[in-house]
Amino acid sequence: MKPAAPVITVTLNPALDKTVTIEQFEYGGLNRIKEMRTDAGGKGINVAKVLKLFEVDVNALGLKAGYQGQVIRDQLEKLGIDSTMIEAPGETRVNLKIVDESTKQTTELNEPGFMVDTDLLEQFQAVFKSKAAEASIIVLGGSLSPGIPPNYYRSLIEIARAQGIRTILDADGEALALGIEAAPFAIKPNVHELEALLGETFDSMEQMIAAVRKLIDRGIEYVLVSMGAEGSLLVSKTEAVKASPFPIMPVSTVGAGDSMVAALVYSFLNGKSVEETARWTSAAGTITASKPGTQVCTLHEVMHSLQLVTLTHY
């Protein structure tokens, strides 16, 4: 069942993701490409793609520039995803993802993105404010284009909070550290981003949970920590649940974290418990990691894999 209000995803530094597959990567040598595909990318856009497959009403809000920006806009239209992309000067970046079949590893080469000025940021903020008023949940994700101050996510979260709208933040570094000052409803760092944020190294699950509780004490309602093959940890004010994924042959981790965020949104919209949410997010990320390139999980696949996820309560 669709929510009454759409989910809005924000992508301030979108990318055209070019994924190439090679048999065995030869560092410093010649590599012949077996397969190639290009997809509209950036965290918010990737979350929007999964939500569309989950039959959730979603609007992809963001910036775009140049010819590649129009390609992204056209791809979203083909996928049936509503988008509001404000034009910036310059050209949208291309992110190259090299998938090595022999090692099952993906190497990413990401361009910085187009330059953004103050006028464009003010224009975007005005559009964001009007769109936020009619949203159910807002997802803010990914890197910031050059020229965007690191506290910009914090400003957007504050605007949404003033209108009573829940936000989910999936960023890293300074953008995450400053963003959490506005106490978003939920965040989804990976374990390395969490360690960098808190200046700690975790030796046990209990230690990680204690560290996450500090963030909960600062007003964040849910923290979802992705740990790759080790699974994920979902912490709320009253519960902490570790989800251990079912065995898969990992093919490409691209989009796995974004699939988890989409499943988190879906769980919030449908009033699922912490335990159910841990299952949904784990299954979504795991299925996406088992797919080639930038392909993502479907609602049917996730629903049929929920019981394969093993949960541990702390």
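The values are calculated or read from the model by the stated rules, or taken from the named source; none is laboratory data. These figures come from a predicted structure and were not determined experimentally. Virtual Cβ from ideal backbone geometry, glycine too; neighbours counted across all protein chains shown.
Remarks
- Members of region 207-231 found to be more than 24 Å from PRO247 (Cα to Cα) and either charged (D, E, K, R) or surrounded by fewer than 13 Cβ atoms within 10 Å (Cβ to Cβ) (or both), listed by number: GLN207, ARG213, LYS214, ASP217, ARG218, GLU221
- Within region 187-209, the set of residues being in a helix (DSSP H, G or I) and in contact with a Phe, Trp or Tyr (Cβ under 9 Å, 6 or more places away or on another chain) comprises VAL191, LEU194, GLU195, MET205, GLU206, MET208, ILE209.
- Filter pass, LYS43 being crowded, with 17+ Cβ neighbours inside 10 Å, touching a helix residue (DSSP H, G or I) at 6+ places or on another chain (Cβ under 7 Å) and in contact (Cβ under 8 Å) with a residue 12 or more places away in the chain: yes
- Selection status of GLU87, under 28 Å from LEU197 (Cα atoms) and either exposed (fewer than 14 other Cβ atoms within 10 Å of the Cβ) or in contact with a Lys or Arg (Cβ under 8 Å, 6 or more places away or on another chain) (or both): no
- For region 95-118, the candidate set comprises residues that are β-branched (Val, Ile, Thr) and crowded, with 17+ Cβ neighbours inside 10 Å; within that set, the residue that is nearest to the chain's Cα centre (by Cα) is THR106.
- Qualifying residue in region 41-54 (condition: modelled with pLDDT of 95 or more, in contact with an Asp or Glu (Cβ under 8 Å, 6 or more places away or on another chain) and more than 20 Å from ALA284 (Cα to Cα)): no
- Total residues in region 210-231 satisfying the condition of being assigned to a helix (DSSP H, G or I) and either in contact with a helix residue (DSSP H, G or I) (Cβ under 6 Å, 6 or more places away or on another chain) or closer than 21 Å to PHE268 by Cα (or both): the figure is 5.
- Pairs, first without any contact (Cβ under 8 Å) to a residue 40 or more places away in the chain in region 122-142, second outside any strand (DSSP E or B) and aliphatic (A, V, I, L, M), C-beta under 7 Å, six or more apart: LYS129/ILE159
- Taken together, the residues in region 284-313 that are under 13 Å from GLY255 (Cα atoms), among the small types (Gly, Ala, Ser) and at pLDDT 95 or above amount to 2.
- Test: residue in region 158-171 that is in a loop (DSSP other than H, G, I, E, B), out of contact with any strand residue (DSSP E or B) (no Cβ under 9 Å at 6 or more places or on another chain) and among the small types (Gly, Ala, Ser): yes
- Being crowded, with 17+ Cβ neighbours inside 10 Å and outside any strand (DSSP E or B) is a description that does not apply to LEU16.
- 1 or more residues closer than 20 Å to MET227 by Cβ, in contact with a Lys or Arg (Cβ under 9 Å, 6 or more places away or on another chain) and of a type in the set (D, E, K, R): qualifying helices (runs of 4 or more DSSP H) within region 238-314: 256-269, 274-289
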